[in-house]
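Presented below is the structure to which this report refers.
The values are calculated or read from the model by the stated rules, or taken from the named source; none is laboratory data. Please read all numbers here as calculations on a predicted model, not as lab measurements. Cβ coordinates were reconstructed from backbone atoms using ideal geometry, including for glycine residues, and neighbour counts include every protein chain displayed. Protein only, heavy atoms only, side chains kept; ligands, DNA and RNA dropped before computing areas. Shrake-Rupley method; radii C 1.70, N 1.55, O 1.52, S 1.80 Å.
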Amino acid sequence: MKPQDSRLTVPAGGREGMGRQRTAVFFGGVVPASPDEERLAEEVGMALAAAGFALLHGGYNGLMEAAARGAAAKGGTVTAVTLADKHAEWGAFNPHVTDEVHLPDLGARLNHYLDAADLVVAMGGGVGTLHELTAALYYAGNIRPVPVWITGPTALGLLSFLRREKWLFETPTRPLGFISPIGSAAAFAVQLHDLTSQKEAGA
């Protein structure tokens, strides 16, 4: 039997006032660009769990495992979201996963991530991470204004490229204020504190 996540069904348009734990979706690849990037992912996971966020990610290794390790170190929950017919091929989840969701196709997987997200955090990776990040940028700009935080040198370089080449640009009807480039673990912690303080003040 395949485990299912209790948050699988989310009412359309409604994530506020549901009395549930906040969820951070983490997009990062299986091959970190450097040990520093891997360490940053772990610190991001620690900060998110310490701030009360559940972590939702692909469940595999590399930056995903580093973020999960950080979250687990602070007692956080880590849910892996995978494709039902690919899990055997892609291999076992990292040891920090506490729950798992198996979905039938890429669209369902992306929808699960984005409908669940109170915050999206993206780091470096391959084309799978690129696909997830661009989907998140479109979703936050057009469907629901979810904060998208981009951190680590690889992802920040991608963001710079997208802006420079006009793949990503702001207009009066398509503001990009939901995007935050974050240069370090310390800056991430400060921004996370500000975000959670605003949420608590508005509660």
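Things worth noting here:
- For segment 47-64, taking the residues that are touching a Phe, Trp or Tyr at 6+ places or on another chain (Cβ under 9 Å) and not in a loop (DSSP other than H, G, I, E, B), the one that is surrounded by the fewest Cβ atoms within 10 Å (Cβ to Cβ) is identified as Ala47.
- Hits in segment 128-162 (condition: open to solvent by 20 Å² or more (accessible area, probe 1.4 Å), part of a loop (DSSP other than H, G, I, E, B) and either among the polar types (S, T, N, Q) or closer than 19 Å to Gln191 by Cβ (or both)): Pro145, Pro147
- The set of residues from segment 145-162 being modelled with pLDDT of 95 or more, farther than 23 Å from Gly62 by Cβ and not β-branched (Val, Ile, Thr) comprises just one member, Pro147.
- Residue in segment 163-170 that is over 12 Å from the mean Cα position of the chain (by Cα), of a type in the set (Phe, Trp, Tyr), outside any helix (DSSP H, G or I) and within 24 Å of Ala71 (Cβ to Cβ) present: no
- Only one entry of Ile143, Ile182 meets the criterion of being among the hydrophobic types (A, V, I, L, M, F, W, C) and out of contact with any Phe, Trp or Tyr (no Cβ under 8 Å at 6 or more places or on another chain), and that entry is Ile143.
- Residue that is at pLDDT 95 or above and either under 16 Å from the mean Cα position of the chain (by Cα) or more than 19 Å from Ile182 (Cβ to Cβ) (or both), where the choices are Gly75, Gly91: Gly75
- Cross-chain or 6+ apart pairs with Cβ under 9 Å, segment 173-186 first and part of a helix (DSSP H, G or I), then of a type in the set (S, T, N, Q): Ala185/Thr151
- Long-range neighbours under 6 Å by Cβ, at least six apart or interchain, first residue farther than 22 Å from Ala189 by Cα within segment 65-84, second part of a helix (DSSP H, G or I): Val81/Arg109; Val81/His112
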